[in-house]
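Peer 1: This structure is in structure tokens; I'll ask about it shortly.
The values are calculated or read from the model by the stated rules, or taken from the named source; none is laboratory data. If you're wondering where the values come from, they're calculated on a predicted model, not measured in any experiment. Note: ideal-geometry Cβ built from the backbone for every residue, glycine included; neighbour counts use all protein chains shown.
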Amino acid sequence: MLSLRGREILSPVFYFNKIFVAKESISVFDIFKIGIGPSSSHTLGPWRAALRFIESIKTHGIEKVLHVKVLLYGSLAKTGKGHGTDVAVILGLCGEDPVTFDVDLITPRINEIAEQQLLNLGGLRTLPFNPAEDVVFLMTESLQYHPNALTFLCSFSDGTEIAETYFSIGGGFVVKEGEEGGSGDFVHLPYPIEKSEYLLEACTKTGLSISGVVMENEKTWRSEADVRQGVLKLWQVMRDCIFRGCHIGGELPGGLKVTRRAQGLNTKLTQGKPYSNYEEWLDVIKSGSQTFQYTLDWVSCFALAVNEENASFSRVVTAPTNGAAGVVPAVLQYFISFCDGNDDEKIINFLLTASEIGSIFKKGATLSAAMGGCQAEIGVSSSMAAAALTEALGGSVEQSLMAAEIAMEHHLGLTCDPVGGLVQVPCIERNTMGAIKAITASQLALQSNPEHARITLDDVVNTMYETALDMNHKYKETAEGGLAIQVPLGLSEC
């Protein structure tokens with residue numbers, strides 16, 4: 001096999017050369033991806049990288065493969081156990097699709113591979129494979145360019161050996177070493193948006209809303225009917241995740257013994273009123289109190305439900321990441337439940353608008369907590385939801401961008417310090433905070449004149465990136481600082 005060494009190793013403080021600067025054509029379906037929790041960077045990204053590696057080795061002859069080994073670097077190594085990075089990579093090497101794979105089969109499949117020490121590579125060739133030895137966590141080593149790195153080593157019966165390195169750069173985006181970008185081939189869009197300044201210009205020139213501009217761009221890839229159908233499918237997965245999470249109790253996996261709270265809160269708020277499906281549940285919600293406390297409790301419940309499901313290796317939608325997957329759905333469910341938003345057209349426009357804000361942060365800063373801290377996850381998701389809600393409630397383009405700016409401004413510097421390397425504490429509660437901040441930011445923008453604003457969304461995007469560069473690596477999803485070391489729970493098995 002190829003040596004584990006021979007790679008350019010950097011100290012964590014030197015990660016952040018901004019090399020992914022090529023213009024990107026990012027679709028709503030790049031920002032919102034259906035997958036499996038608990039992390040888009042540490043679970044979905046490595047899973048997708050493994051699938052790409054399988055396609056690559058097919059060109060060499062998968063029938064000739066003798067052995068495969070995976071090296072995990074940086075943040076993927078340090079918090080990979082808690083995030084299920086090894087599980088994701090193994091399932092990816094088996095050729096399984098994170099969009100459709102039955103989440104109830106994850107544990108049985110991994111246990112079977114460990115017991116038999118056999119891997120069905122790409123579903124085409126069975127190989128000896130010992131997960132304890134063939135997935136290597138290099139805790140003290142990090143590759144250049146990005147802290148989320150993994151290398152696949154492969155040997156063939158003809159004596160050939162290859163190594164391919166991938167970077168999981170946030171939100172499920174994956175870049176192979178030597179590539180730029182992370183969302184696929186560049187296409188020419190009618191309205192290329194690199195900054196919010198360009199988005200405002202496009203809206204002003206065309207008279208279109210943010211969602212209208214996004215729809216015009218989306219039609220470069222697919223028909224409007226397919227866009228609408230695809231976005232509604234995203235909402236269906238989000239909606240089902242909320243509903244499912246509100247009806248499952250017990251403890252979350254991983255050893256922290258965190259009690260799921262959404263079910264108890266849902267039971268308290270519904271007060272025993274009968275329902276048997278989402279639509280009837282929605283009617284029960286609408287029939288309840290109209291107090292601020294009631295609404296606030298439900299928004300928290302929606303967000304908790306999603307991220308408790310995410311922490312349970314369930315199916316979620318990156319929005320724009322798994323760790324922040326509860327914010328956009330919670331605010332959209334709030335809009336549906338309390339603002340007369342239960343309409344397909346309104347839901348589609350909400351998610352189109354949210355996706356464009358996420359795209360701007362992806363291009364101008366980062367969606368990776370391992371690179372930027374939690375401001376890159378909860379902060380971005382809150383900004384996305386704030387803009388989407390503002391447009392949905394009748395706000396102008398300027399007010400929507402102002403709402404996005406306000407939401408992120410008050411997440412700047414937010415660290416990522418997961419206890420036990422798990423996407424549970426403080427991650428789950430942060431989704432409730434992000435959702436509430438998004439609603440507040442929207443209300444502030446709707447009651448304000450954007451002409452009087454002193455800070456633009458682009459100012460905040462730039463500031464977020466500069467803050468990411470300055471932030472100590474301990475607070476970037478390494479579980480080496482902050483709450484992660486203040487809570488000594490002895491979770492070495494996590």
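Peer 1: How about the stretch 202-237: which of its residues are closer than 24 Å to Ser396 by Cβ, of a type in the set (Gly, Ala, Ser) and assigned to a helix (DSSP H, G or I)?
Peer 2: Once the filter is applied, which keeps residues that are closer than 24 Å to Ser396 by Cβ, of a type in the set (Gly, Ala, Ser) and assigned to a helix (DSSP H, G or I), the stretch 202-237 yields Ala202, Ser211, Gly212.
Peer 1: Checking Ile110 against (1) modelled with pLDDT under 95; (2) farther than 20 Å from Phe173 by Cβ, which single condition isn't satisfied?
Peer 2: (1)
Peer 1: Next up: Taking the stretch 231-257 on its own, how many of its residues are more than 26 Å from Asp297 (Cβ to Cβ) and surrounded by 20 or more Cβ atoms within 10 Å (Cβ to Cβ)?
Peer 2: Within the stretch 231-257, residues that are more than 26 Å from Asp297 (Cβ to Cβ) and surrounded by 20 or more Cβ atoms within 10 Å (Cβ to Cβ) number 2.
Peer 1: Does Ile428 count as farther than 29 Å from Phe338 by Cα, modelled with pLDDT of 95 or more and not assigned by TED's automatic domain parsing to the domain that holds Pro38? Steps first, please.
Peer 2: On the way: farther than 29 Å from Phe338 by Cα: no; modelled with pLDDT of 95 or more: yes; not assigned by TED's automatic domain parsing to the domain that holds Pro38: yes.
No: the conditions fail for Ile428.
Peer 1: If you don't mind, there's one more thing I want to ask. Among the residues of the stretch 196-208, are any touching a residue at least 40 places away in the same chain (Cβ under 8 Å) and surrounded by fewer than 16 Cβ atoms within 10 Å (Cβ to Cβ)? Can you show your working first?
Peer 2: The first filter runs over the stretch 196-208 and keeps only residues touching a residue at least 40 places away in the same chain (Cβ under 8 Å), leaving 196-197, 199-200, 203-204.
This time we only want the ones that are surrounded by fewer than 16 Cβ atoms within 10 Å (Cβ to Cβ), so: 197, 204.
The answer is yes; a qualifying residue exists.
Peer 1: Criterion first (at pLDDT below 95 and either of a type outside the set (S, T, N, Q) or under 23 Å from the mean Cα position of the chain (by Cα) (or both)) does Lys273 satisfy it? Write out each step before concluding.
Peer 2: Working: at pLDDT below 95: no; either of a type outside the set (S, T, N, Q) or under 23 Å from the mean Cα position of the chain (by Cα) (or both): yes.
In short, no.
Peer 1: For the stretch 3-23, state whether one or more residues are modelled with pLDDT of 90 or more and part of a loop (DSSP other than H, G, I, E, B).
Peer 2: To start, the set of residues in the stretch 3-23 that are modelled with pLDDT of 90 or more comprises none.
No: the stretch 3-23 contains no residue that is modelled with pLDDT of 90 or more and part of a loop (DSSP other than H, G, I, E, B).
Peer 1: Just one of Glu429, Glu409, Glu405, Glu451 is touching a helix residue (DSSP H, G or I) at 6+ places or on another chain (Cβ under 9 Å) and surrounded by 20 or more Cβ atoms within 10 Å (Cβ to Cβ); which is it?
Peer 2: On the way: Glu429 fails: surrounded by 20 or more Cβ atoms within 10 Å (Cβ to Cβ); Glu409 fails: surrounded by 20 or more Cβ atoms within 10 Å (Cβ to Cβ); Glu451 fails: surrounded by 20 or more Cβ atoms within 10 Å (Cβ to Cβ).
Matching residue, one of Glu429, Glu409, Glu405, Glu451: Glu405.
Peer 1: Val461 is checked against (1) within 18 Å of Leu199 (Cβ to Cβ); (2) over 25 Å from the mean Cα position of the chain (by Cα); (3) aliphatic (A, V, I, L, M) and fails just one. What number does that condition carry?
Peer 2: Evaluating Val461 over (1) within 18 Å of Leu199 (Cβ to Cβ); (2) over 25 Å from the mean Cα position of the chain (by Cα); (3) aliphatic (A, V, I, L, M) leaves (2) as the failure.
Peer 1: Condition test on Lys33, is it among the basic types (Lys, Arg) and under 18 Å from the mean Cα position of the chain (by Cα)?
Peer 2: Yes: the conditions hold for Lys33.
Peer 1: So which residues in the stretch 258-316 are surrounded by 13 or more Cβ atoms within 10 Å (Cβ to Cβ), without any contact (Cβ under 8 Å) to a residue 12 or more places away in the chain and closer than 30 Å to Gly82 by Cβ, if there are any at all?
Peer 2: Thr267
Peer 1: Quick one: how many residues across the stretch 35-67 are in contact with a strand residue (DSSP E or B) (Cβ under 8 Å, 6 or more places away or on another chain) and surrounded by fewer than 24 Cβ atoms within 10 Å (Cβ to Cβ)?
Peer 2: Of the residues in the stretch 35-67, 13 are in contact with a strand residue (DSSP E or B) (Cβ under 8 Å, 6 or more places away or on another chain) and surrounded by fewer than 24 Cβ atoms within 10 Å (Cβ to Cβ).
Peer 1: Right, another one. Tell me yes or no: at least one residue of the stretch 274-289 is part of a loop (DSSP other than H, G, I, E, B), assigned by TED's automatic domain parsing to the domain that holds Asn342 and in contact with an Asp or Glu (Cβ under 9 Å, 6 or more places away or on another chain).
Peer 2: The initial filter retains those residues of the stretch 274-289 that are part of a loop (DSSP other than H, G, I, E, B), namely 274-277, 287-289.
This time we only want the ones that are assigned by TED's automatic domain parsing to the domain that holds Asn342, so: 274-277, 287-289.
From the residues that got through so far, the ones that are in contact with an Asp or Glu (Cβ under 9 Å, 6 or more places away or on another chain) too are 274-275.
Checked the stretch 274-289: at least one residue is part of a loop (DSSP other than H, G, I, E, B), assigned by TED's automatic domain parsing to the domain that holds Asn342 and in contact with an Asp or Glu (Cβ under 9 Å, 6 or more places away or on another chain).
Peer 1: As an exercise: evaluate Pro418 against (1) surrounded by fewer than 24 Cβ atoms within 10 Å (Cβ to Cβ); (2) within 22 Å of Gly323 (Cα to Cα) and give the number of the one condition it does not meet.
Peer 2: Pro418 satisfies all of (1) surrounded by fewer than 24 Cβ atoms within 10 Å (Cβ to Cβ); (2) within 22 Å of Gly323 (Cα to Cα) except (1).
Peer 1: Can you tell me which residues in the stretch 247-270 are more than 26 Å from the chain's Cα centre (by Cα) and either aliphatic (A, V, I, L, M) or in a loop (DSSP other than H, G, I, E, B) (or both)?
Peer 2: Correct list: Leu269 only.
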